[in-house]
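Worksheet for the structure shown next.
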Amino acid sequence: MSFTIILCYLSLLLFLGVFAGRLLKKSSGDFFLASRGIGPFMLLMSVFGTTMTAFALIGSTGKTFEFGIGVYGLMASWSGIIHAAIFFLIGAKVWALGKKHGYVTQLSYFRDRYQSDGLVLLLFPLVVCFVVLYLLIGVIGAGRFIEGVTPETFSESTAVTTVPLAAVPADLKIPADWQKRVTVKNGELSVSGSLHPKRKGLFMPLSKAPEWKKAVNELMKKAPRGAVPKPAGMAIVCLVVLFYVFFGGMRATAWANTMQTLVFMVMGLIAFYVITDALGGPVEASKKLLANEGKNSVMAREGLIGKWQFLTYCFIPLSVGMFPHLFQHWLTARKASNFKLTVVAHPICILITWVPCVLLGMWAFGILPDGTNPNAVLGMMVARYSGEVLAGLIGAGVLAAIMSSMDSQFLCLSSLFTNDIVSHHFSQKEISDEKKILLGRGFVVAIVLVCYLIGLSNTQSVFDLGVWCFTGFAGLFPILFAALYWKRSNKQGAIAGVLTLAVLETTGYLLSLGEHEGEFLILGMMPVAFIVTITTAVMVLVTLLTPPPNDEIVEKFFPAKN
Amino acid sequence: MRILVISLILLLAILHQDWWWWEAKEPLVFGFMPIGLAWHAGISLAAGLVGLMAVRFCWPDHLDDEVVEEAVAETGKEEAS
């Protein structure tokens, strides 16, 4: 049932892709930037959907289960303040420059501002690497998630699982309608077909004998789950996103993001309502947890999150300023004032999405056994307190959150390759618009394929590296800020900043591979705090020691106000 | 007004570091939300309000005007040629 609902949702996205594709004008401006015609509401939804990944639903619940309610302050409320400030100070300004000078990507702005192909060639591999890592987390996460929510999708009726059963318990009663699939004989328990983990709750009460419990536990581990395999789940999600990005470009991406953002916000709220109701209401759930002395530590922060870690986490949301896919979304706005709604509503959208999930994670800590995989917490709460239909709808919501970031990332990588590498470096003549769209589509296909193939291989290292992609983007933020607000900033300073970041990022990653408890911290602080500070210092120092940019550039980017 | 908005953002950043609620599980706001969580939900709401003040009183209207002027100038050049 869950898989059917997910398939229905994915079909809706395909339909949207076809529809957007029909409206696509044959210009690269329309393919990459939706003709810069996106209104305030779609801009808000696109930007919010792009910044929120599956982490907003699954991760927030799981992290709260692990580190308590402080996770909201650490990740959500800092983001509310800093993202809104970035949209105000950076987003609207970037839009105006993009509109005025015709930029399609972040790198085209840097090339023009610093008059340096070298800087772009240095930034390009870094940015691509960070985006691919970010993308992979989404692709692999989607595959894992679909596998997790679709048990017994395939019955695998020919498969028979047999586990040893020391002796047939005297009190054992197998229901009549189970006898086709379940056989107990001569010291063994056999079941044909796949088994949903929920079935454990049906098997266990059939007998009180310890040997029965042991056999059921063994059976649940051994029996096929009949779920959609991870490679197939990854392929389905990649193909759906590929389809609508390929045919509809940025217009389809913006529409899909609007729909997907609404879907994951609404599904999160529905999950919260249903689970809270099953727990006897929010007041009752919190009272029970508070009374549970061994478990109520998650209602505070002491011992779970460090105070300096809490403070220095503010550097992480700076990464949003340098996300190239978000940069591209900013350029799609019809006018600068369209950013107003995003500035005001973004923190509220974070509140609406995160608070229910944090509360669920908090209550789950009092309910689920210790040692539960944090990423499985939301799924387990949904499975325990709701039916398959809701599980399917929430599954669609989680996939919506994943895909609303993936589509922008695929399109952005394709834009970077097409506009900043091929069009700029390898073409003697101006490439026609039709060729640009063709190239853009070709790159989307290639990137999807590469990500899928990497996703099939060593996945854990991707997740370990993933944390560092946010640190990397945050480390590049001072360069963008200086480009926009510091007339004196020059290419030498920017290049020095990028090189410093690359060295610090690599060093930080290698250090993090050593043994440490919990999150990797330096003197109790987030490594990103040191990286941003040192990168800024080097950039400023080198800028001041080298000649300022010429007057023409200063006049172009900082025109005197009349 | 710009100074007020900047001051409010800085105030939010300071209030965000609520070490005074660090160990507190209670009171439960609305009967279910631990104070540490309610405080930060309030920070998100306040960020929205400060954002509203910023766009109302400090919005760089010249950004849209500049682009319009540029477009008009371009059209003028085309017509003249």
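Considering region A:341-375, and only residues there that are more than 25 Å from A:ALA84 (Cβ to Cβ) and among the β-branched types (Val, Ile, Thr), the residue that is modelled with the highest pLDDT turns out to be A:ILE367. Only residues that are more than 7 Å from chain A (Cβ to nearest Cβ), open to solvent by 50 Å² or more (accessible area, probe 1.4 Å) and assigned to a helix (DSSP H, G or I) were counted across region B:18-52, and they come to 4. Among the numbered conditions (1) part of a helix (DSSP H, G or I); (2) within 23 Å of A:GLY397 (Cα to Cα), the only one that A:THR153 does not meet is (1). Within region A:178-199, being charged (D, E, K, R) and either surrounded by 15 or more Cβ atoms within 10 Å (Cβ to Cβ) or in contact with a strand residue (DSSP E or B) (Cβ under 9 Å, 6 or more places away or on another chain) (or both) holds for A:LYS180, A:ARG181, A:GLU188, A:ARG199. Scanning region B:53-64 for residues that are free of Cβ contacts under 8 Å to residues at least 12 places away in the same chain, more than 7 Å from every other protein chain (Cβ to nearest Cβ) and of a type outside the set (D, E, K, R) yields a single hit, B:HIS62.
Do we find that A:GLY493 is open to solvent by less than 70 Å² (accessible area, probe 1.4 Å) and at pLDDT below 95 in this structure? Judged against the criteria, A:GLY493 is not a match. The single condition from (1) farther than 17 Å from A:LEU368 by Cα; (2) under 24 Å from the mean Cα position of the chain (by Cα); (3) assigned to a helix (DSSP H, G or I); (4) of a type outside the set (S, T, N, Q) that A:ALA227 fails is (3).
Contact map, region A:375-400: residues that are hydroxyl-bearing (Ser, Thr, Tyr) paired with residues that are outside any helix (DSSP H, G or I), Cβ distance under 8 Å, separation 6+ or inter-chain. Pairs shown: A:TYR385/A:LEU279. Across region A:23-30, a minimum of one residue is classified as free of Cβ contacts under 8 Å to residues at least 24 places away in the same chain, over 30 Å from A:ALA364 (Cβ atoms) and more than 19 Å from the chain's Cα centre (by Cα). A:GLU293 satisfies every condition listed in (1) open to solvent by 10 Å² or more (accessible area, probe 1.4 Å); (2) within 12 Å of chain B (Cβ to nearest Cβ); (3) outside any loop (DSSP other than H, G, I, E, B) except (3). Comparison of A:VAL298, A:VAL283, A:VAL266 shows that the only residue that is part of a helix (DSSP H, G or I), among the hydrophobic types (A, V, I, L, M, F, W, C), more than 20 Å from A:TRP95 (Cβ to Cβ) and more than 14 Å from chain B (Cβ to nearest Cβ) is A:VAL266.
Before we move on, is A:GLY187 among the small types (Gly, Ala, Ser) and assigned by TED's automatic domain parsing to the domain that holds A:TYR9? Taking the combined requirement at face value, the residue does not satisfy it. Given the structure, is B:VAL67 aliphatic (A, V, I, L, M), at pLDDT below 90, at negative phi and open to solvent by less than 30 Å² (accessible area, probe 1.4 Å)? Taking the combined requirement at face value, the residue satisfies it. Screening the candidates A:VAL422, A:VAL377, A:VAL389, A:VAL398 for the property of being out of contact with any Lys or Arg (no Cβ under 7 Å at 6 or more places or on another chain), over 16 Å from A:GLY138 (Cβ atoms), open to solvent by less than 10 Å² (accessible area, probe 1.4 Å) and of a type in the set (A, V, I, L, M, F, W, C) yields one hit, A:VAL377. If you check A:LEU269, A:LEU219 for being in contact (Cβ under 8 Å) with a residue 40 or more places away in the chain and open to solvent by less than 10 Å² (accessible area, probe 1.4 Å), only one passes: A:LEU219. Among the residues of region A:316-352, those identified as at the interface with chain B (Cβ under 10 Å from one of its Cβ atoms), within 15 Å of B:PRO60 (Cβ to Cβ) and not charged (D, E, K, R) are A:ALA336, A:SER337, A:ASN338, A:PHE339, A:THR342, A:VAL343. Taking the stated definitions as given, is A:LEU510 closer than 30 Å to A:PHE67 by Cα and open to solvent by 60 Å² or more (accessible area, probe 1.4 Å)? Taking the combined requirement at face value, the residue satisfies it. Whenever a residue of region A:493-514 is among the hydroxyl-bearing types (Ser, Thr, Tyr), its partners that are in a helix (DSSP H, G or I), lying with C-beta atoms within less than 6 angstrom and at least six residues away or across chains, give the pairs A:THR500/A:THR535; A:THR500/A:VAL538; A:TYR509/A:TRP468.
The values are calculated or read from the model by the stated rules, or taken from the named source; none is laboratory data. Keep in mind it's a predicted model, so treat the numbers as computed, not measured. Methodologically, a virtual Cβ is constructed for each residue, glycine included, from the backbone with ideal geometry; neighbour enumeration extends over all protein chains shown. Surface areas here come from the heavy atoms of the whole protein model, side chains and all, with no ligands, DNA or RNA. Shrake-Rupley method; radii C 1.70, N 1.55, O 1.52, S 1.80 Å.
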